[in-house]
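Trainee: Have a look at the structure that comes next, please.
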Number of protein chains: 2
Amino acid sequence: MELLDGKKLSREILGEIKERLEDISGPRPCVTFIRVGEDPASVYYVNSKQKKAAQVGIESRLKTFPESISQEDLLGEISALNADPLVHGILVQAPLPDHMDERTVFNAVAPQKDVDGFSTNNLGRLVQEDPQAFVACTPAGIGEMVRRYKIETEGKHVVVLGRSLIVGKPAALLFMRKAPFANATVTVCHSRTRNLAAITSQADILIAAIGRANFVTADMVKEGAVVIDVGINRVDDPDSPKGYRIVGDVDFEAVSGKCQAISPVPGGVGLMTVALLMHNTVKAWELSQKE
Amino acid sequence: MELLDGKKLSREILGEIKERLEDISGPRPCVTFIRVGEDPASVYYVNSKQKKAAQVGIESRLKTFPESISQEDLLGEISALNADPLVHGILVQAPLPDHMDERTVFNAVAPQKDVDGFSTNNLGRLVQEDPQAFVACTPAGIGEMVRRYKIETEGKHVVVLGRSLIVGKPAALLFMRKAPFANATVTVCHSRTRNLAAITSQADILIAAIGRANFVTADMVKEGAVVIDVGINRVDDPDSPKGYRIVGDVDFEAVSGKCQAISPVPGGVGLMTVALLMHNTVKAWELSQKE
């Protein structure tokens, strides 16, 4: 069993980005984070993304707003960032307050600065197999993991567990493209799927993105499969100093014995997501220079 | 075995549209067709769509251009139609000459007039499950067929054979939505799929859109499945006055005995496609009135 080591891979990717940016002249790649309110998880995520950016030589800015900001005003702020030639990437940290429509806000980010890949335009370009499309960082991170571990996908059966806009659907679209490390037969399962185990057991590559701790058990996985675990779930753990620990959507202990390869949680896809955000920011910066 | 009768259904839909448009005041729904060159199939298709429009009270216009028109000039013409408040739908008939990029041309149609649903924006909105999205007429026609025949899809396994931008991918996205007559487990197969028969045999609903005459044989279909045949293929037939006849992607004679329901070719999905184009045109006209 091979461990798909997100720690090692993300270091590798971040190292390449750092090297790429070492001797540049002119404006450095710059990503601007927008955070509305003080949700502790959001504070933590944005903070850690900013640290990672600094490590590789990407400039980052943070704009924070109170929860009371109107959607109209927030859209105005995004519009100003869209027009700012020194800002190459814009990331609106979810979740947004209830009085806002997330889709409307995400769609307000200019397509060429949409490093999160959540806008209509980038999703449409992914369907169209446009290589310039920004692909959401988690599915893009999975794709990069598959590519760097040289996991064969052509003609293989990729089963995606979960149909979210952020992971499941773009991952499915990514692996069905006519492209290297794609060209797979793709199945999308979800909460309504009947006979789930019968379907997941057919997967050559199983991508678990359903958001339920240890949901994927050994009987759901084929001998010799590649399992990619996207879940980040808290479970109570009185033995841990924090009182909880983080586990994936896959019952790692039970499943790993059957796999050809598996990504752990933590230390797997989560780290790839952050690395791919940096990759997307550099891509946005490169695009801006071509214009 | 039930026949999914596209002739009957499309008449029903066109009848509803005709009734809907009988007593309207103000400008009638108007679709403009753009045809480049004199490809006989394109001449035929546009002509029959115009006839259908006239039957239901939709105005249609035809703009034809020589093959020699530059892409820039064609984009200029589309831009003028985008700005014309009396034109509600715009359809650029494929194929376009080799010197043009079809995606660029299709993307030039304003999203709210894109009755063919091929633009980046409408594909992205389909991924986002935006009910206002224009869905390409063939997959939308399949969806309507399923809805009007009350075929249960929730939790069922829909297998789509083919991953085209025009049928396979939007059909897959349509049936995986969280929506009535959707909520299905969806698999997309294609030319690279291994063990194809093993996968198609699992389909509760099999959508064949691979463009190969009689490709789907009885051993590829589960007993009691619903089979929807999107293929329109010519095969030689010396007994026919024309020397050929039209068949689908499914070996109808062999497969129909095993099915719960099947759509014939001709008389199936093809007629739904034209009916849904009229539906999309009325939708575009209604949207324009809300603005």
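The values are calculated or read from the model by the stated rules, or taken from the named source; none is laboratory data. The structure presented is a predicted model; accordingly, all values stated were derived computationally and were not measured. Here the Cβ positions follow ideal geometry from the backbone for every residue, glycine too, while neighbour counts run over all protein chains shown.
Trainee: Checking B:Ala197 against (1) closer than 19 Å to A:Val188 by Cα; (2) crowded, with 17+ Cβ neighbours inside 10 Å: exactly one of these is not met. Which one?
Mentor: All conditions are met except number (2).
Trainee: Condition first: among the charged types (D, E, K, R) and in contact with a Ser or Thr (Cβ under 7 Å, 6 or more places away or on another chain). Now tell me which residues in segment A:227-272 satisfy that. Spell out how you get there, then give the answer.
Mentor: Kept after step one, since they are among the charged types (D, E, K, R), are these residues of segment A:227-272: A:229, A:234, A:236-237, A:239, A:242, A:245, A:249, A:251, A:253, A:258.
Correct list: A:Asp229, A:Asp251.
Trainee: If the requirement is being buried (at least 19 other Cβ atoms within 10 Å of the Cβ), farther than 28 Å from A:Ala172 by Cα and either in contact with a Lys or Arg (Cβ under 6 Å, 6 or more places away or on another chain) or among the β-branched types (Val, Ile, Thr) (or both), which of these qualifies: B:Val159, B:Val265?
Mentor: Working: B:Val159 fails: farther than 28 Å from A:Ala172 by Cα.
Answer to the check: B:Val265.
Trainee: Hey, another quick one. In segment B:97-115, which residue that is in a loop (DSSP other than H, G, I, E, B) and surrounded by fewer than 23 Cβ atoms within 10 Å (Cβ to Cβ) is nearest to the other protein chains (Cβ to nearest Cβ)? Let's see the steps before the verdict.
Mentor: Restricting attention to segment B:97-115, the residues satisfying the condition of being in a loop (DSSP other than H, G, I, E, B) are B:97-101, B:109-110, B:114-115.
Subsequent filtering for residues that are surrounded by fewer than 23 Cβ atoms within 10 Å (Cβ to Cβ) retains B:97-101, B:110.
Details: B:Pro97: 20, B:Asp98: 19, B:His99: 20, B:Met100: 16, B:Asp101: 11, B:Ala110: 14 Å.
Only one residue fits best here, namely B:Asp101.
Trainee: Any residue that is among the basic types (Lys, Arg) and modelled with pLDDT of 95 or more - is there at least one of those in segment A:96-104?
Mentor: Taking segment A:96-104 as the starting set, the residues that turn out to be among the basic types (Lys, Arg) are A:103.
Pick out the ones that are also modelled with pLDDT of 95 or more and you get none.
The answer is no; no qualifying residue exists.
Trainee: Which one is surrounded by the most Cβ atoms within 10 Å (Cβ to Cβ) among residues in segment A:9-56 that are hydroxyl-bearing (Ser, Thr, Tyr) and within 22 Å of A:Gln71 (Cβ to Cβ)?
Mentor: Within segment A:9-56, the first condition is being hydroxyl-bearing (Ser, Thr, Tyr), and the residues that meet it are A:10, A:25, A:32, A:42, A:44-45, A:48.
After this cut, where a residue has to be within 22 Å of A:Gln71 (Cβ to Cβ) as well, the list is A:32, A:42, A:45.
Details: A:Thr32: 22, A:Ser42: 18, A:Tyr45: 18.
Restricting to residues being hydroxyl-bearing (Ser, Thr, Tyr) and within 22 Å of A:Gln71 (Cβ to Cβ), the top hit is A:Thr32.
Trainee: If I go through segment B:236-255 residue by residue, how many of them are part of a strand (DSSP E or B) and under 11 Å from B:Asn214 (Cα atoms)?
Mentor: Kept after step one, since they are part of a strand (DSSP E or B), are these residues of segment B:236-255: B:236, B:244-247, B:250.
Those left that are additionally under 11 Å from B:Asn214 (Cα atoms): B:246-247, B:250.
Residues meeting the conditions: 3.
Trainee: While we're looking at this one, here's another question. For segment B:149-157, does any single residue satisfy the condition of being more than 8 Å from every other protein chain (Cβ to nearest Cβ) and in contact with a strand residue (DSSP E or B) (Cβ under 6 Å, 6 or more places away or on another chain)?
Mentor: Narrowing segment B:149-157 to residues more than 8 Å from every other protein chain (Cβ to nearest Cβ): B:149-153.
From the residues that got through so far, the ones that are in contact with a strand residue (DSSP E or B) (Cβ under 6 Å, 6 or more places away or on another chain) too are B:151.
Checked segment B:149-157: at least one residue is more than 8 Å from every other protein chain (Cβ to nearest Cβ) and in contact with a strand residue (DSSP E or B) (Cβ under 6 Å, 6 or more places away or on another chain).
Trainee: Still on this structure, please answer the following. What residue, among those in segment A:116-150 that are closer than 14 Å to A:Phe181 by Cα and among the small types (Gly, Ala, Ser), is surrounded by the fewest Cβ atoms within 10 Å (Cβ to Cβ)?
Mentor: Quick first cut of segment A:116-150, residues closer than 14 Å to A:Phe181 by Cα only: A:129, A:131, A:139-150.
Next, only the ones that are among the small types (Gly, Ala, Ser) stay: A:140-141, A:143.
Details: A:Ala140: 24, A:Gly141: 31, A:Gly143: 22.
Step by step, filter segment A:116-150, then rank; the result is A:Gly143.
Trainee: If you don't mind, another one. Look at B:Leu165 and say whether it is under 17 Å from the mean Cα position of the chain (by Cα), facing chain A (nearest Cβ under 10 Å) and surrounded by fewer than 24 Cβ atoms within 10 Å (Cβ to Cβ). Explain how you work it out, then say what you get.
Mentor: Values: under 17 Å from the mean Cα position of the chain (by Cα): yes; facing chain A (nearest Cβ under 10 Å): yes; surrounded by fewer than 24 Cβ atoms within 10 Å (Cβ to Cβ): yes.
Spelling it out, B:Leu165 is indeed under 17 Å from the mean Cα position of the chain (by Cα), facing chain A (nearest Cβ under 10 Å) and surrounded by fewer than 24 Cβ atoms within 10 Å (Cβ to Cβ).
Trainee: When the residues of segment A:176-235 are narrowed to those that are over 15 Å from A:Val159 (Cα atoms), part of a loop (DSSP other than H, G, I, E, B) and of a type in the set (A, V, I, L, M), which ends up nearest to the other protein chains (Cβ to nearest Cβ)?
Mentor: So, considering only residues that are over 15 Å from A:Val159 (Cα atoms), part of a loop (DSSP other than H, G, I, E, B) and of a type in the set (A, V, I, L, M), the one nearest to the other protein chains (Cβ to nearest Cβ) is A:Ala179.
Trainee: Inspect segment B:264-286 for any residue being within 30 Å of A:Thr200 (Cβ to Cβ) and touching a residue at least 40 places away in the same chain (Cβ under 8 Å) and give the result as yes or no.
Mentor: Applying the first criterion (within 30 Å of A:Thr200 (Cβ to Cβ)) to segment B:264-286 yields none.
No; the residues of segment B:264-286 include none that is within 30 Å of A:Thr200 (Cβ to Cβ) and touching a residue at least 40 places away in the same chain (Cβ under 8 Å).
Trainee: While we're here: State whether one or more residues within segment B:11-23 are outside any helix (DSSP H, G or I) and free of Cβ contacts under 8 Å to residues at least 60 places away in the same chain.
Mentor: Looking only at segment B:11-23, we keep the residues that are outside any helix (DSSP H, G or I), and these are B:21-23.
Checking the rest, the ones that are also free of Cβ contacts under 8 Å to residues at least 60 places away in the same chain come to B:22-23.
Within segment B:11-23, one or more residues are outside any helix (DSSP H, G or I) and free of Cβ contacts under 8 Å to residues at least 60 places away in the same chain.
Trainee: Here's another thing I want to ask about it. Kindly check whether there is at least one residue in segment B:62-69 that is within 27 Å of B:Glu16 (Cβ to Cβ), more than 14 Å from every other protein chain (Cβ to nearest Cβ) and touching a residue at least 12 places away in the same chain (Cβ under 8 Å).
Mentor: Yes.
Trainee: Could you count how many residues in segment A:212-240 are acidic (Asp, Glu), surrounded by fewer than 13 Cβ atoms within 10 Å (Cβ to Cβ) and over 17 Å from A:Cys189 (Cα atoms)? Give the derivation first.
Mentor: So the first thing to find is which residues in segment A:212-240 are acidic (Asp, Glu), and the list is A:219, A:223, A:229, A:236-237, A:239.
Restricting the remaining residues to those that are surrounded by fewer than 13 Cβ atoms within 10 Å (Cβ to Cβ) gives A:219, A:223, A:236, A:239.
So of that shortlist, the ones also over 17 Å from A:Cys189 (Cα atoms) come out as A:223, A:236, A:239.
Number satisfying all stated conditions: 3.
Trainee: Still on this structure: Please work out if B:Ile69 is surrounded by 14 or more Cβ atoms within 10 Å (Cβ to Cβ) and outside any strand (DSSP E or B). Full working, then the answer.
Mentor: Details: surrounded by 14 or more Cβ atoms within 10 Å (Cβ to Cβ): yes; outside any strand (DSSP E or B): yes.
Yes, satisfied.
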